[in-house]
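Undergrad: I'd like to ask you about the structure that follows.
The values are calculated or read from the model by the stated rules, or taken from the named source; none is laboratory data. Quantities reported herein were computed from a predicted structural model and do not represent experimental measurements. Note that we place each Cβ from the backbone using ideal geometry, even for glycine, and neighbour counts take in every protein chain shown. In case anyone asks, the SASA skips ligands and DNA or RNA and just uses the protein heavy atoms, side chains included. Shrake-Rupley method; radii C 1.70, N 1.55, O 1.52, S 1.80 Å.
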Amino acid sequence: MTFHKVRFQCGFSIRPEILNFFLYALIVLFLLPAELCAEEKYLRGNLSQEWGGHLRLSGSVTWQADDTVYEPAGTGTHFDGSGEFRIKNSLFFGKKAVLESHYEAVLSGGHTRKKGREAERLVPGLPVSGIGSTDDTRRFLDMSSVIEEEESCVLHHRMDRLNLTLQADWGTVRIGRQALTWGNGMLFHPMDLFNPFAPTDVVRDYKIGDDMITAQFSAGAEAGFQMLYVPRRNPETGDAQWDSSALAGKYHFSRAGTEFDLMAGRNCRSYVFGLGSTGYMGEAAWRADAVWTFLPKESGKSGYLSLVANMDYSWVWQGKNMYGLAEFYYNGLGTGDYENAPADTDLTGALERGEIFTLGRLYLAGQVQMEIHPLLNFYIGLITNLTDPSAVCQPRLVWSLAQNADAIIGGNLYLGGSDTEYGGFRIPGTDFRAEPGHSACLHLTCYF
């Protein structure tokens with residue numbers, strides 16, 4: 001059975017081998033719970049659905065230094081904005097199956113995009129980041145498309161969720177675009193190799209979806225097993241390849257009030273093994289993950305270790321609810337020679353795939369939350385590179401405007417001297433510096 005390449009009117013395209021795989025998988029999964037199709041009357045009586053979504057308007061102002069990559073086009077104050085519309089649906093086939101879909105459309109633009117494009121034209125090869133939009137270059141299914149693109153803005157849309165969940169007595173199977181999180185990190189996520197949040201992300205209501213097949217099995221009252229397969233495409237050839245994909249399993253169990261995770265898998269061309277644990281020390285909760293990655297032979301390295309350990313605690317001070325978090329992170333793939341970091345293909349590969357977000361090795365992060373009012377909370381976070389040292393400070397206010405609306409007002413303040421990760425360093429082969437600009441932002445979200 002073969003198919004011609006399909007392109008929907010909305011701009012989504014599916015390759016023939018992808019369409020074959022998707023259809024075959026759906027057939028197999030539908031055959032598993034045969035009782036779903038036993039009687040048409042059963043389906044009619046048990047079919048239900050839920051709708052939801054949100055509209056988010058965001059604005060930001062960034063102060064760019066004169067010696068950054070934006071200098072050829074103009075630095076100073078950059079004003080940017082975006083509008084994000086997401087609509088989601090869950091279609092329930094009784095208690096045995098759920099079809100989940102999320103569609104989103106995003107309009108974004110401003111000075112950063114306009115001046116970044118201009119700088120790229122004036123200085124070809126200049127590494128200007130953050131001026132594109134989310135695409136499916138590496139994902140198995142191409143369900144993203146640019147509707148309209150101009151010098152200063154871009155309008156794109158995509159399916160961020162499209163998956164079928166089948167539930168049986170022995171466990172759950174889910175196939176399609178979905179989000180899954182592994183590991184016990186709060187800000188850093190070494191065990192989560194599948195689109196983890198960046199440690200500086202403050203809006204975390206939806207994780208970017210990936211095309212994958214997941215299965216979860218119960219192994220008793222206090223144990224369970226998860227498996228996943230993430231087929232990916234080589235961004236250079238556009239072909240689905242084993243060396244670009246991921247296959248992993250995780251076993252979770254509890255002993256004497258402490259929970260453990262054992263993880264093993266293959267991610268791209270590396271083999272990954274992890275051990276995680278969570279527990280309590282008095283009224284404080286602690287978590288820890290240790291992950292060892294075996295790199296392929298041609299990398300010249302045997303592998304590297306990643307660690308994360310954190311502890312959080314809630315208390316009352318002056319009649320106000322308080323919360324504190326402290327987290328330590330070790331990135332064995334990191335370096336202190338930021339200027340020559342692009343020459344390390346293992347490091348740059350992990351950065352490009354979105355598996356890590358930092359260049360250094362040792363980090364200490366913390367966050368404190370104060371409930372000023374039941375509807376108003378103040379947060380302040382600090383992520384510190386202990387080797388430089390340098391840091392990013394993130395203060396913000398989260399205000400519940402109404403039952404289905406909230407606002408986030410915050411900023412990013414970068415601290416550090418010359419040749420530090422957050423203070424800035426020279427980009428090799430250029431006269432410019434990779435220096436993040438101080439910024440302030442506002443997010444207004446209405447849920448429905």
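Undergrad: By how many degrees, between 0 and 90 and to the nearest 10, does the Cα long axis of helix 16-31 differ from the longest principal axis of the chain?
TA: 50 degrees
Undergrad: Further question: For segment 442-448, in order, what is each residue's ³J(HN,Hα) by Karplus, 6.51 cos²θ - 1.76 cosθ + 1.60 with θ = phi - 60°, in whole Hz (x at glycine and Pro)?
TA: 9, 10, 10, 10, 10, 9, 9
Undergrad: Can you tell me the orientation of helix 111-122 relative to the chain, as the angle in degrees between its alpha-carbon axis and the longest Cα principal axis, to the nearest 10?
TA: Once rounded, one gets 70 degrees.
Undergrad: If you don't mind, another one. When the helix-only estimate is applied to the chain (DSSP H runs of n ≥ 4, each -39,500 (n - 2.57), divided by the residue count), what is the mean residue ellipticity at 222 nm, nearest 500 deg cm²/dmol?
TA: For the chain, the value works out to -3000 deg cm²/dmol.
Undergrad: Same structure again: Ranked from the most accessible area to the least, with a 1.4 Å probe and all protein chains present, what is the order of Leu359, Leu397? List each step's numbers first, then the result.
TA: Numbers: Leu359 30, Leu397 65 Å².
My answer, sorted largest first, is Leu397, Leu359.
Undergrad: Which aspartates and glutamates have a Cα less than 20 Å from the Cα of Lys96, not counting those fewer than 8 places away in the same chain?
TA: Straight-line reach from Lys96, under 20 Å: Glu35, Glu39, Glu40, Glu50, Asp169.
Undergrad: Dividing the Cα radius of gyration by the Kirkwood radius, what Rg/Rh value follows for segment 368-448?
TA: Working: Rg = 16.8 Å, Rh = 14.6 Å.
Ratio of gyration radius to Kirkwood radius: 1.15.
Undergrad: Out of the total accessible area of segment 94-186 (probe 1.4 Å, heavy atoms of protein only), what percent is carbon and sulfur? Can you show the working numbers first?
TA: Numbers: 2130 of 4140 Å².
Its accessible area is 51 percent carbon and sulfur atoms.
Undergrad: Using modelled backbone amide H atoms (1.01 Å from N, in-plane), which distant-in-sequence or interchain residues come within less than 5 Å of Met212's amide H?
TA: Gly176, Arg177, Gln178
Undergrad: Before I look further, what does the chain give for accessible area per residue, probe 1.4 Å, in whole square angstrom?
TA: It amounts to 50 Å² per residue over the chain.
Undergrad: So how strong a dipole does the chain carry about its Cα centre when Lys and Arg Cβ are +1 and Asp and Glu Cβ are -1, to the nearest 20 debye?
TA: Around 1020 debye, computed over the chain.
Undergrad: Rank these residues by their accessible area, most exposed first, probe 1.4 Å: Phe217, Phe140, Phe357.
TA: If we order Phe217, Phe140, Phe357 from most to least accessible, we get Phe357, Phe217, Phe140.
Undergrad: How large is ³J(HN,Hα), in whole Hz, for each residue of segment 414-420 in order, when computed from phi with the Karplus curve 6.51 cos²θ - 1.76 cosθ + 1.60 and θ = phi - 60°, using x for Gly and Pro?
TA: 9, 10, x, x, 5, 6, 10
Undergrad: Right, another one. Val173: accessible area at probe 1.4 Å, nearest 10 Å²?
TA: Accessible surface of Val173 is approximately 20 Å².
Undergrad: Hey, another quick one. Using the Karplus curve 6.51 cos²θ - 1.76 cosθ + 1.60 with θ = phi - 60°, what ³J(HN,Hα) values do you get for each residue of segment 258-274, in whole Hz, with x for Gly and Pro?
TA: 10, 9, 10, 10, 10, 10, 8, x, 10, 10, 6, 10, 10, 9, 10, 10, x
Undergrad: Using only protein heavy atoms and a 1.4 Å probe, report how much of Lys320 is accessible, in Å² to the nearest 10.
TA: 70 Å²
Undergrad: Something else: With a 1.4 Å probe and every protein chain kept in, tell me what percent of the accessible surface of segment 292-448 is carbon plus sulfur.
TA: C and S fraction of accessible area: 62 percent.
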